[in-house]
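I have placed the structure first, in the form of C-alpha cells, so that the comments after it can refer back to it.
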Amino acid sequence: MAKLKSDKLIIAKKKFNSRLIVGTGKYKSMSECAKAIELSGADIVTVAVRRVNISNNKKPLLMDYIDPKKITYLPNTAGCFNSDEALRTLRLAREIGGWKLVKLEVLGDKKNLFPEMIETIKSTEILTKEGFKVMVYCNDDPLMAKRLENVGACAIMPLAAPIGSGLGIQNKVNIKIIRKQTKLPLIIDAGLGQASDATIAMELGCDGVLVNTAIAKAKKPFNMALAFKNAVIAGRQSFLSGRITPNLMGSASSPSKGII
Amino acid sequence: MKKVKKIKIKINGRFIKTEDNIKLSALLKNLKIPIKKVAIELNQEIIDKTILDKINLKKNDKIEIVHFIGGG
C-alpha cells in the first residue's frame, strides 16, 4: 500500500493525487456538481469558457462553488470547431487568472463529436509555443497521438467512444499501442458509461480518466462519483500488481494431492 | 446641465447605450462585473485587466466578457 501512496499522476511536472479528472457540465445545479466533485476525490476539473450574463449578475458563479485554489481548473475549448476559435478561447481562459494548463478539444462533426485532428495538431503547436501546457483530446489513433507528442502536447487524451455516449472503450488495441509508444500521461477522455469502464482504462495502463456525463447524468450522481473514484483506484492497483497470464484451460486453485 | 453624448456599443452580442468616451473600468463597474473572475476582449483583442481605466470606449466598440462555467 505504501507504494500506491507515492503513486501520483504527474502532468507538466505538477503532481496530482487523484487519477480521476471530472467535468463540471450537465449537473442539475452547481451545488450538486460541487458535491459530486468532492466525492469523486478529483484534483482536476474541466471547465468551459462562456459569455457572462450581463443582464443578470445575480446568477451563481462556478468559482463560488468550486474553489480554484483547492481544485485545479482545466479550461477546455468545448464547442470549438476550428483552430482560431480554440486559440481565442484558451487565450481568454489564461487571462481570467493565469491558467496555462488547458484542455484542447477541436471538434469536427456536430453529431459524433469526433475531434478534427488536423486543426487539433495545428492548435497544439501554436499553444505550446505560446507557453501553454496542452492536454489534448484526440482520436484513438496511434499515428495522430504521435504527431501530437511531436508538436508538444503535455498529455494525450484519446476518446473511449463519442463524447457523452457512455459506450466505454471501443478500441483497446489502439489504446494499448498508444500506451506502448508514449511516456506522456495518457488519459481516456470521453465516452465512458460506468465505473468498470474506468477500471478497464486503468488496467490498460492509462494514467487517468476524464469523466463527465457518466457521473453527472447517472440516476445517483453522488454514488456514481464514488464508484468512479474506487474504480480508478482499483484499476490502477490492478495494473501495478502485474496480472496473471491468461490461459484457455482451467488451473485448479486447490491442491490435487490428498483428495479423499 | 450639459447633455452627455450617448454611443451604442455591443457587449456579449447585445447592443447597449452608454456615454461617449466612458472608461472601460467604469462600464464594467456599472454592469457589476467581477473583474477578477472574467476575461475581457475589446474588438477581438484581449485586454490586460490592469489597464482597464486607461481605455476609453467609442461608438460601435465590441466587447466580450467571459468566465468559467460547468463543462466537460
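So which helices (runs of 4 or more DSSP H) stay within region A:125-239 end to end and still have 1 or more residues that are more than 24 Å from A:S31 (Cα to Cα) and either more than 14 Å from chain B (Cβ to nearest Cβ) or touching a residue at least 12 places away in the same chain (Cβ under 8 Å) (or both)?
Details: elements: A:142-150, A:172-181, A:195-203, A:213-216.
Correct list: A:142-150, A:172-181, A:195-203.
Show the residue pairs that are 6+ apart or on different chains and have beta-carbon atoms under 8 Å apart, the first residue being within region B:23-38 and at pLDDT 90 or above, the second being among the polar types (S, T, N, Q). If the second residue must be among the polar types (S, T, N, Q), the pairs left are B:K23/B:N56; B:L24/B:N56; B:L27/B:T18; B:N30/B:T18; B:L31/A:N57; B:K32/A:N57; B:I33/A:N57. Residues in region A:23-60 that are over 14 Å from B:I69 (Cα atoms) and surrounded by 20 or more Cβ atoms within 10 Å (Cβ to Cβ): A:A36, A:I37, A:S40, A:A42, A:D43, A:I44.
Residues are listed down the side, and each one gets a yes or a no for (1) at pLDDT 95 or above; (2) closer than 24 Å to B:I40 by Cα:
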residue	(1), (2)
A:K5	no, no
A:I11	yes, no
A:R19	yes, no
A:L39	yes, no
A:L90	yes, yes
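Take the conditions (1) over 19 Å from the mean Cα position of the chain (by Cα); (2) under 30 Å from A:K35 (Cα atoms); (3) part of a helix (DSSP H, G or I); A:E119 misses just one of them, which is (2).
The condition (being within 10 Å of chain B (Cβ to nearest Cβ) and more than 25 Å from A:M157 (Cβ to Cβ)) is satisfied by just one residue among A:K58, A:K26, A:K35: A:K58.
The values are calculated or read from the model by the stated rules, or taken from the named source; none is laboratory data. Quick caveat, the model's predicted, so the values are computed rather than measured. Here Cβ is always computed from backbone atoms with ideal geometry, including for glycine, and neighbour counts include all displayed protein chains.
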